[in-house]
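Accompanying notes for the structure given below.
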Amino acid sequence: MSTDRYQSPLSERYASREMQYIFSPDMKFRTWRRLWIALAETEKELGLSRNGVPVITDEQIAEMKEHADDINYDVAREREKQVRHDVMSHVYAFGQQCPKAAGIIHLGATSCYVGDNTDVIIMVQALKLVKKKLVNVLAELADFADKYKDQPTLAFTHFQPAQPTTVGKRASLWMQEFYMDLEDLDYVLSSMKLLGSKGTTGTQASFLELFDGDQDTVDRIDPMIAEKMGFEKCYPVSGQTYSRKVDTRVANVLAGIAASAHKMSNDIRLLQHLKEVEEPFEKNQIGSSAMAYKRNPMRSERIASLARYVMVDALNPAITSATQWFERTLDDSANKRLSIPEGFLAVDGILDLCLNVVDGLVVYPRVIEKHLRSELPFMATENIMMDAVKNGGNRQELHERIREHSMEAARNVKEYGKENNLLELIAADPTFNMTLEKLQEAMEPKRYVGRACEQTEAFLEQVIRPVLDKNRELLGLKASINV
C-alpha cells in the first residue's frame with residue numbers, strides 16, 4: 001500500500017477484489033486485444049483482399065492471439081508519452097509483440113471501437129456481479145422475513161407509534177424495493193448491446209472503402225463482431241460512440257439499489273436506537289473512542305454514506321448524455337473514467353455491507369414486546385369500545401370517555417414519566433362495564449397485526465421464492481467487509 005499519494009477508499013476499504021478486477025487495466029486492455037482479434041478475424045472471414053490476395057492471414061491472427069494477455073505495459077506507457085493517445089499507444093505496443101500483424105491491427109476502426117465496446121463489456125460484467133450480490137441480499141432478507149413473519153412489533157408512521165405490524169412484514173418492505181431494483185437491472189442487462197465497428201462518425205465509411213463499396217458485406221461486420229464477443233446485437237445506429245444514455249440507464253440502476261439500501265439501513269439505525277434490532281457487533285469492536293459502552297450501527301451508517309454518493313453520482317452520466325455534441329465530443333471521457341467505475345465500486349461495497357448486516361441481524365423480542373405493550377392500549381381502544389357496546393354501552397358516549405381517558409394516560413406518560421395506565425382508567429369507569437382482567441385479555445399483540453404474517457408468506461411464496469429459484473446458481477454468497 002502506497003502511503004505517499006491518494007488512494008481511493010472505494011478500492012482500499014469498500015469494494016471487493018472481484019469488482020476491482022472488472023475495472024482494472026488488465027481487464028480493459030485484454031479486452032481491447034480481444035476486440036482487435038475479433039475485428040481481424042471478421043475482416044478475414046468476409047474476404048478482405050487486395051488484388052485478389054487476402055489482406056489478413058491466419059498466421060497474423062495466430063500471432064495476435066499468442067500475445068492477447070501478455071500486455072507490454074512499459075512499451076505502451078513510453079509510447080503514450082510521445083503521442084498522447086492511449087489507443088494508438090496500445091496499437092503500437094501490440095504491434096511490437098506481433099510484427100507480422102502490426103500492419104493490420106485496428107484496420108478500419110476508430111478509437112471508440114475498442115474504447116466503447118470495452119466499456120459496454122465491462123459494464124455487463126459488473127452488472128452481473130451486482131446482480132449476484134443483489135439476489136443474495138434478497139435471499140438473506142427472505143430467510144429473515146420468514147423467521148420473524150409472526151413476531152408482532154410496533155409500526156410507525158411519521159416515526160410515531162401506529163397500528164402494529166410484524167418484524168418479518170417490515171423486512172418484506174425492504175425486499176420489495178430490492179426486488180424492483182432487480183427487475184430494473186435485468187431489463188437493462190438484457191438490453192445491453194455493443195457499439196460494433198462504425199467508424200469515425202458512425203457511417204462505416206472506412207469499411208465501405210475497404211470492401212470496395214460492398215454494402216451487404218459491410219452490413220455483416222457488426223453482427224459477426226457481436227457474436228465473437230458474446231453479444232446478440234450491436235446498436236443499430238450511432239455516432240462515433242454509443243449513446244451515452246446507455247451509461248445513464250446503468251447508473252440509474254445503481255442509484256436505485258443505493259436508495260433501497262439507504263432506506264433499509266436507516267430503518268435499522270432507528271431500530272437499533274430503540275434497542276429492538278441490532279446489526280452485527282464483533283467481540284473486539286470499539287463503538288466510540290470516548291464512550292466505551294456504545295454499540296454504534298457503523299455498518300448501516302456506511303451503507304447510507306456510500307448510497308448517497310451513488311445517488312448523486314447518477315447525475316454525471318445524465319449530464320454527459322445531455323451535453324454530447326452531434327456525433328462525438330471528448331468531454332465524456334474523463335467523467336466516464338470516474339463516474340461509472342466508482343458507481344459500481346460503491347454499490348459493490350454497499351451490497352457486501354447489506355449481506356453482512358442482514359446475515360448477522362439480531363432481534364430482541366422482549367424489548368419489542370415491551371415497546372408494543374406500552375402503546376397497545378391506545379391502539380386497542382376501538383376493539384374495547386366495540387366490546388363495551390356489546391355489553392350495552394352507548395357508542396358515542398364510550399367514544400368520548402375513551403378520548404378523555406386516552407388524554408389523561410398520555411399526559412401521565414409524557415409529563416410525569418409514568419407507565420401507560422389507560423386500561424386501569426377504563427376499568428375504573430363504570431360506563432364500560434369491563435374488568436381489568438378482561439381488558440388485559442384484549443392486549444394480545446397478534447390480534448392487532450392484521451394480515452402482516454399472511455402478506456409476508458404470500459410475498460415470499462409468490463414473488464421472492466420464484467426469483468431465487470430462477471437464480472439459484474447465484475446463491476450461497478457470503479460477504480466479508482474490510483473495515
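The values are calculated or read from the model by the stated rules, or taken from the named source; none is laboratory data. Please read all numbers here as calculations on a predicted model, not as lab measurements. FYI the Cβ positions are ideal-geometry reconstructions off the backbone, even for glycines, and counts take in every protein chain you see.
Observations on the model:
- Within the stretch 376-419, the set of residues being small (Gly, Ala, Ser) and more than 24 Å from residue 164 (Cα to Cα) comprises 392, 393.
- Sub-6 Å Cβ pairs linking a first residue in the stretch 377-394 that is assigned by TED's automatic domain parsing to the domain that holds residue 433 and free of Cβ contacts under 8 Å to residues at least 40 places away in the same chain to a second residue that is part of a helix (DSSP H, G or I) and loosely packed, with under 13 Cβ neighbours inside 10 Å, at least 6 apart or interchain, are 389/395, ordered by first then second residue.
- All positions within the stretch 137-170 that are without any contact (Cβ under 8 Å) to a residue 40 or more places away in the chain and either assigned to a helix (DSSP H, G or I) or aromatic (Phe, Trp, Tyr) (or both): 143, 147, 156
- Pair list, Cβ under 8 Å, 6 or more apart: the stretch 302-319 residue within 19 Å of residue 334 (Cα to Cα) and assigned by TED's automatic domain parsing to the domain that holds residue 261, other residue in a helix (DSSP H, G or I) and among the β-branched types (Val, Ile, Thr): 310/257; 310/347; 310/350; 314/248; 317/248; 317/250; 317/340; 318/248
- The residues of the stretch 51-102 that are small (Gly, Ala, Ser) and at pLDDT 95 or above, listed by number, are 62, 68, 76, 89, 93, 95, 101, 102.
- Some residue of the stretch 102-122 being crowded, with 21+ Cβ neighbours inside 10 Å and over 39 Å from the mean Cα position of the chain (by Cα): yes
- In the stretch 352-377, the qualifying residues are those that are closer than 11 Å to residue 443 by Cβ and hydrophobic (A, V, I, L, M, F, W, C), and the one that is modelled with the highest pLDDT is 372.
- Of the helices (runs of 4 or more DSSP H) entirely within the stretch 1-111, those holding at least 2 residues that are free of Cβ contacts under 8 Å to residues at least 24 places away in the same chain and more than 20 Å from residue 230 (Cβ to Cβ) occupy 58-66, 73-83, 86-97.
- Tallying residues that are assigned to a helix (DSSP H, G or I) and surrounded by 18 or more Cβ atoms within 10 Å (Cβ to Cβ) within the stretch 337-374 yields 22.
- Figure legend. Inter-residue proximity from the stretch 197-217: first residues hydrophobic (A, V, I, L, M, F, W, C), second residues in a helix (DSSP H, G or I) and at pLDDT 95 or above, beta-carbon distance below 7 Å, spacing 6+ or different chains. Indicated pairs: 207/218; 207/221; 208/218; 211/217; 211/218.
- Residue in the stretch 332-349 that is of a type in the set (Ser, Thr, Tyr), modelled with pLDDT under 95 and under 24 Å from residue 20 (Cβ atoms) present: yes
- Long-range neighbours under 8 Å by Cβ, at least six apart or interchain, first residue at negative phi within the stretch 322-343, second part of a helix (DSSP H, G or I) and acidic (Asp, Glu): 336/119; 336/247; 339/247; 339/313; 340/119; 340/247; 342/313; 343/313
- Of all residues making up the stretch 47-94, the number that are hydroxyl-bearing (Ser, Thr, Tyr) and surrounded by fewer than 17 Cβ atoms within 10 Å (Cβ to Cβ): 3
- Only one of the listed residues (60, 96, 82, 151) is within 30 Å of residue 477 (Cα to Cα) and out of contact with any Cys (no Cβ under 7 Å at 6 or more places or on another chain). That residue is 151.
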